[in-house]
Amino acid sequence: MKKSTQQLVLLAAVTAGIVLLLTGSSTRPTESYTEHLPPGAKHAQHEILGEHHVNLWDPRKCVVIGLAVGYGMEEMELFIGSLRATGYPGKIIIGVASDVPVEVKDYLEEQRVETKVVKFGPCTFQNYTKKDGTLAEKYNKKQKCDIDHPDYKIQWGRFNLAAKWLQECADCTDGVMFTDVRDAFFQRDPFAAVQHPHDLMVFEEHQDVSTEHWLVDFPVTACKGRGVGKQPMLCSGSTMGSRGGMLTYFAAMDAEFRAWISDPKCRFDLVGDDQSIHNYLFYTGKLPEAVAIKHRTGPIHVVGIQADQVYHEHVSKFKAQGKDQGFANRNRYYGKDGDTRQWLDPKYRLTDDEGYILQLDGTRSPQVHQFDRFGPPFKTSWLFNKINKHWADAVRDAE
């Protein structure tokens, strides 16, 4: 008599240091583990998932957290409007300046956004390491620090602010997204799109950029004496996880910030070295619960590298015709004027018939991050139309 259930086959992958649980023919084929993953680090695309129960996040109990000091209606309508247009019902917590314009304040209230006022003061430490490895006499006075974290430039301080805001939110019990605001918009509810939640999810950028890029290699090598080698670049601008997982992540980032602050050679006049630390922690195994999500496969699509390539190809085409960059900015990438759908040549395989940006599997990317690198042609031929019409109508219909 045949068994009514499929047998479980246990495969020990000794060379990769893992054990994969396969469940008969229902198992999806995946790539093998990469050798460069650090001890304790996991890669979602290399997990073989059988039929098992997963506690999905309830979007009503989730939260999106970001810092939007100094931003106007365009940025807010793009970020908040697109998120609400997906049907996302959960909390949104945004840090704003004390002098936020009235129209922005009213809009955020209408969209059920909880605002946190961020006040700035002078930064308290006075030197930093220059790119040549020498110490500067004075800290860059253009840098900003919030008054609660005067030793942290705001690019670092925002992590502690987010941790505080999350702790204050008793209803934020499920998924958490900590994200940049200015250069991100949404096409689907990012939490509803997560079918296999993890305590901490970090997101790979395009394969054309690695941790050998100066943004990671220079600061980490100068501070620690050696880099992390050539690994997939992880973006620190958008991270997701459970409430507990994200609080643990914020604590790990803060501990490393304090370590870097204590050593003058680890202080840099950079606005992006939080990404240096983010990658350093993951690739040295200091984020043991973290799972790296392959590019264009998860709830966050970091499109920056491809967008930059598209834009520079566009500009180069017009420069070859004797035109300048300004002329290129005023011309579409693709299609006819007035076409608010087809804005990008299908050869790139990045968009669908309506112009939405896609995952590798052809579905729409839940969050699109670093879209600004597409430049003006993207905004004028597609994005502004969505802000002014589709997303605005969707938000009104949902109210």
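Let me check something: with ligands and nucleic acids excluded, how do VAL100, VAL302 order by accessible area (1.4 Å probe), largest to smallest?
Greatest to least solvent exposure: VAL100, VAL302.
Got a number for the accessible area of ASP146? Probe 1.4 Å, square angstrom, nearest 10.
So the heavy atoms of ASP146 present about 0 Å² to solvent.
Along the charge dipole of region 289-335, which of HIS301, VAL315, VAL291 sits closest to the positive end, that is, farthest toward it, with unit charges on the beta carbon of Lys, Arg, Asp and Glu (+1, +1, -1, -1)?
Going by the Cα projections, it comes out as VAL315.
Can you list the HN-Hα couplings for region 355-368, worked out from phi with the Karplus curve (6.51, -1.76, 1.60; θ = phi - 60°), rounded to whole Hz and with x for Gly and Pro?
Residue by residue, region 355-368 yields x, 6, 7, 10, 7, 5, 8, x, 8, 6, 5, x, 10, 10 Hz.
For region 193-208, just list the computed ³J(HN,Hα) in residue order, Karplus coefficients 6.51, -1.76 and 1.60, θ = phi - 60°, integers in Hz, with x standing in for Gly and Pro.
7, 7, 8, 9, x, 10, 4, 8, 10, 10, 10, 6, 8, 4, 4, 6
What ranking of ASP254, ASP151 comes out by heavy-atom accessible area, probe 1.4 Å, highest first? Let's see the in-between values first.
Working: ASP254 25, ASP151 55 Å².
The residues order as ASP151, ASP254, largest area first.
Residues with amide H under 5 Å of PHE203's amide H, sequence separation 5 or more or different chain, H placed in the peptide plane at 1.01 Å from N; which?
CYS235, ILE293
Heavy atoms only, 1.4 Å probe, whole protein assembly: order PHE185, PHE384, PHE318, PHE218 by accessible area, highest first.
Descending order: PHE384, PHE218, PHE318, PHE185.
Determine ³J(HN,Hα), in whole Hz, for all residues of region 224-239 in sequence, where each value follows from phi through the Karplus function 6.51 cos²θ - 1.76 cosθ + 1.60 and θ = phi - 60°; x replaces Gly and Pro.
Whole-Hz 3J(HN,Hα) from phi for region 224-239: 9, x, 7, x, 9, x, 8, 10, x, 6, 9, 8, 8, x, 8, 9.
Please report, as a whole percent, how much of the solvent-accessible surface of region 321-383 comes from carbon and sulfur atoms (probe radius 1.4 Å).
Ligands and nucleic acids excluded, carbon and sulfur give 43 percent.
Once each part is reduced to its C-alpha centroid, what is the distance from region 321-383 to region 230-302 in angstrom?
30
Just need the Rg to Rh number for region 263-386, please, alpha carbons only, Kirkwood Rh.
1.08
Tell me, what is the 1.4 Å probe accessible area of THR248, in Å² to the nearest 10?
My reading of the accessible area for THR248 is about 90 Å².
The values are calculated or read from the model by the stated rules, or taken from the named source; none is laboratory data. All of these numbers come straight from a predicted model, not from anything done at the bench. Positions of Cβ are generated from backbone atoms using ideal geometry, with glycine treated the same way; all protein chains shown enter the neighbour counts. Keep in mind that these areas ignore ligands, DNA and RNA; they rest on the heavy atoms of the full protein, side chains included. Shrake-Rupley method; radii C 1.70, N 1.55, O 1.52, S 1.80 Å.
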